[in-house]
Structure formats: structure tokens, C-alpha cells
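The values are calculated or read from the model by the stated rules, or taken from the named source; none is laboratory data. Not measured: the values here are computed from a predicted model. Ideal geometry is used to build each Cβ from the backbone, glycine not excepted, and the neighbour counts take in all protein chains shown.
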Amino acid sequence: MNRDFSYAGSPARIVFGEGKRKTVADWIGKAGCSRALVISTPHQKADGEALAREIGPLACGVFAGAAMHTPIEVTEAALKVVSETNADCVVSLGGGSTTGLGKAIAYRTDLLQIVVPTTYAGSEVTPILGQTQAGRKTTVRHEKILPEIVIYDPLLTHGLPVGMSVTSGLNAMAHAVEGLYAQDRNPISSLMAVEGLRAFARSLPEIVREPNGAEARSEALYGAWLCGTVLGAVGMALHHKICHTLGGSFDTPHAETHAVMLPHTAAFNAAAAADVLAPLTEIFKGSIGGGLWNFASAIGAPLSLRDFGLTEADLDKAASIAVQNPYWNPRPIDRASIRQLLQDAWEGNRPAD
Ligand code: NAD
């Protein structure tokens, strides 16, 4: 095999284990900070306040206004609180939306970020920030955006509802599948991707059976770290382009859209990336797209774009947008084949073997 790659390690501190939430104050101190602003969504406000109490004198306040897609107005409101409380670091407790707000603050202030993730989205280990202004989403990549410390405490994910665990898990798995065929993949990103996919293949069915099983919750969060790290390290392709198109132009729900699209985009690329996707056939038992579809179906994932209120006319528009400024993809794309792929995902068809 002709090996030819470039590898850069992610300069973040990762702390993983049950109960590690209790070490947040220690990590604030070790980082030389003493005024932590805890941030969360309104939904997780009580959890944010509880974490601030645990942090004790090193916490200077709670901002519970984080929202999906990091609206600039929310960032501006949070920056006011950063300034009023004289915060010297942010502790983001939550999923990708809360992590996004922490990143938006750090991008503008260079404050240290500690992230305590409660979903499997993986944003905590990427230097990428997506933000919206007047309904327009822009994405920026910068070293200031990458959180410095991530504390994964599986106990915090026991309350993640089963449906969200399934879609969030498939969202994470999509990072790994696209990472496997990324043009700029390297041996470490590929090892992490396969290990992350194995972790979710083992844990998600268990979580559906027993939502509070400690081992499965730990395994899934471990998978989230691996898959998120792949997302942060290498370029994404057609799958992410389509999901960004659907989310950005039709406001479809983030994790659910990834969950529906993954078997279809994997099937689309299966032949062009057969060698690097080969581990999927063993992990998911079947063809690349069909095996993933069977897996998603067995754990109760949404299977059809139609369920998000999209019409077939929307698919026409989405296909046209998705082929504009395309991301690199292992199989060349054209509008007709993307339109067909969207039709299959809309109807909820199982990809052919
Ligand atoms: P989210 O953060 O929007 O969370 C959805 C809801 O679930 C929120 O109300 C949240 O408070 C709640 N929630 C989170 N954890 C919970 C738990 N353990 N128990 C109960 N409720 C909980 O959802 P998400 O899927 O994690 O993140 C989606 C956002 O993250 C999108 O805006 C997406 O673009 C972004 N994202 C960014 C990157 C990146 O690298 N920049 C990567 C992945 C996702």
C-alpha cells in the first residue's frame, strides 16, 4: 500500500469517566482561571445551575440562553454577561448548540473553554463554528474555536431521551463514515473512525433496550469522542453537504437529518470507496448502505425525509443547492443522481444491496 499522509494531533485535554463532572473546578484551577461562566440551553438551565453550585467559588454566573445554530444575537447577549461578570473562562454544559455558543464566545474573546458534553454531536473536539445571522449560516474554522478541555461524564447522558440518543449517535457515526473516505484521511483518523463506529454499533441497541445501562452509555460517549475527533481532523463530503443544505435551507432537525441520510449517502459512495468502507460490512452485517439502514431501522431511527415536512418540490431545490460548490466526494456527483438519492431518503427506501 502506498502510504502518503499528513497528521496533526488535536491539542485538547480529554478527561473521560463516570463522575468526572465533579472535577470541573479542579480543571478550572489547573488552567489558571478563577471566574467560570457556565452556559447551557434554557432546557438545561437547572443542570447548568447545579454545575455552577458544584464548581463553587470559581463560578461567576450562569447564562442559559444557548440556541440551535448559534444565532449572533444570543452570542452578543452572552458576551455582555461575560463582560459584566468579568469571566475568565466558559464551561459549556450540553450538546452542540451550547458548545457552539462557547466556541462563539472564545472566537471573539479567546477565553478558555471547558466543555461538558451531554449529547453525541462531537462539536466539542472540532475547531469549527457554525453561526447564523438573519437566517444565514456561515462556518468558520480557527484554532481559537477548539475547546481546550473536554470532560466526558457518561452519567450526564443517562437522561438523554432514547430517540435523541439514537439520532445523535447516528449523527456522530456520519462523521466517522465520511472520515473513512476523506481525501485527507490519515491512519489515526481511520483507526478512530472504525473504533467509534464499533462503539456505537455495540452501544446504541443496548441503550434502546436499557436507557440507563452504565456500560452502554459510557461506550456511546466514547464513540462520540472518537467520531467527533474525526470530524475535527479531516474533510467531510457529500453526506455533510446534503445535511447542511437540508438544515440550512429547509430547517430540518440536525441530528435526525443525519440519521435519515447516512445509509443513503454511504450507499451512494459504497462502490467508489469500497476498500476503506469495508469495515462497515463486518460491523453492520450486510452491504454498506443496507447494513446501516438495517441498523438504523432496528434501533427506531427516523428513516424518511418526508416525516420532516419536506415536499418533493423541496427535493428539487435541495438537489440544485447541494450540487453548487460541492465538497470533494469519492464518487463524482451530478444533479440527477443526487435528486434520486434524496427521493429514496424521502420515501424511506432501504438502499439496494
Ligand atoms: P442540541 O445541543 O441542540 O440539543 C438539543 C436539545 O437537547 C437542547 O434543548 C438540549 O438542551 C437538550 N439536551 C442536550 N443534552 C441533553 C441530555 N443529556 N438530556 C436531556 N436533554 C438534553 O443538539 P445537538 O444535536 O447536540 O447539537 C446540534 C447543533 O450542534 C447543531 O446546531 C449543529 O450544527 C451543531 N454541531 C456542530 C458541530 C461542529 O463541529 N461545529 C458538530 C456537531 C454539531
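Taking the stretch 326-344 as the range and being more than 17 Å from Gly248 (Cα to Cα) and in a loop (DSSP other than H, G, I, E, B) as the test, the residues that pass are Trp328, Asn329, Pro330, Arg331, Pro332, Ile333, Asp334.
None of Ile207, Ile188 is surrounded by 23 or more Cβ atoms within 10 Å (Cβ to Cβ), in a helix (DSSP H, G or I), away from the ligand (no atom under 11 Å from the Cβ) and of a type in the set (Val, Ile, Thr) except Ile207.
With respect to the conditions (1) within 30 Å of Asn212 (Cα to Cα); (2) near the ligand (Cβ under 9 Å from one of its atoms), Leu101 lacks only one, and its number is (2).
Could you list all residues from the stretch 42-91 that are without any contact (Cβ under 8 Å) to a residue 60 or more places away in the chain, within 14 Å of the ligand (Cβ to nearest atom) and in a strand (DSSP E or B)? Selection gives Val62, Phe63. Name the one entry in Ile151, Ile105, Ile114 that is assigned to a helix (DSSP H, G or I), in the same structural domain as Gly19 (by TED's automatic domain parsing), in contact with a strand residue (DSSP E or B) (Cβ under 7 Å, 6 or more places away or on another chain) and not charged (D, E, K, R). Every option except Ile105 fails the conditions.
Scanning the stretch 301-325 for residues that are surrounded by 15 or more Cβ atoms within 10 Å (Cβ to Cβ) and not in a helix (DSSP H, G or I) gives Ala301, Pro302, Leu303, Leu310, Val323.
Could you say whether any residue in the stretch 180-189 is aromatic (Phe, Trp, Tyr), within 29 Å of Asp316 (Cα to Cα) and in contact with a Phe, Trp or Tyr (Cβ under 8 Å, 6 or more places away or on another chain)? No, every residue in the stretch 180-189 fails to be aromatic (Phe, Trp, Tyr), within 29 Å of Asp316 (Cα to Cα) and in contact with a Phe, Trp or Tyr (Cβ under 8 Å, 6 or more places away or on another chain). Within the stretch 129-136, can one find any residue that is modelled with pLDDT of 95 or more and of a type in the set (D, E, K, R)? No, because not a single residue in the stretch 129-136 is modelled with pLDDT of 95 or more and of a type in the set (D, E, K, R). Going residue by residue through the stretch 146-169, is there one that turns out to be more than 11 Å from the ligand (Cβ to nearest atom), farther than 30 Å from Ser34 by Cβ, surrounded by 24 or more Cβ atoms within 10 Å (Cβ to Cβ) and at pLDDT 95 or above? The answer is yes; a qualifying residue exists.
Would you check if Gly9 is of a type outside the set (A, V, I, L, M, F, W, C) and at pLDDT 95 or above? No, not satisfied. Screening Thr252 against (1) part of a helix (DSSP H, G or I); (2) within 16 Å of the chain's Cα centre (by Cα) leaves a single unmet condition, (1). Of the candidates His175, His244, the single residue that is part of a helix (DSSP H, G or I), modelled with pLDDT under 95 and within 10 Å of the ligand (Cβ to nearest atom) is His244.
For Thr265, the stated conditions do not hold, so it cannot be described as modelled with pLDDT of 95 or more, within 11 Å of the ligand (Cβ to nearest atom), in a helix (DSSP H, G or I) and of a type in the set (S, T, N, Q). Just one of the listed residues (Ala25, Ala66, Ala59, Ala46) is modelled with pLDDT of 95 or more and in contact with a Ser or Thr (Cβ under 6 Å, 6 or more places away or on another chain), namely Ala66.
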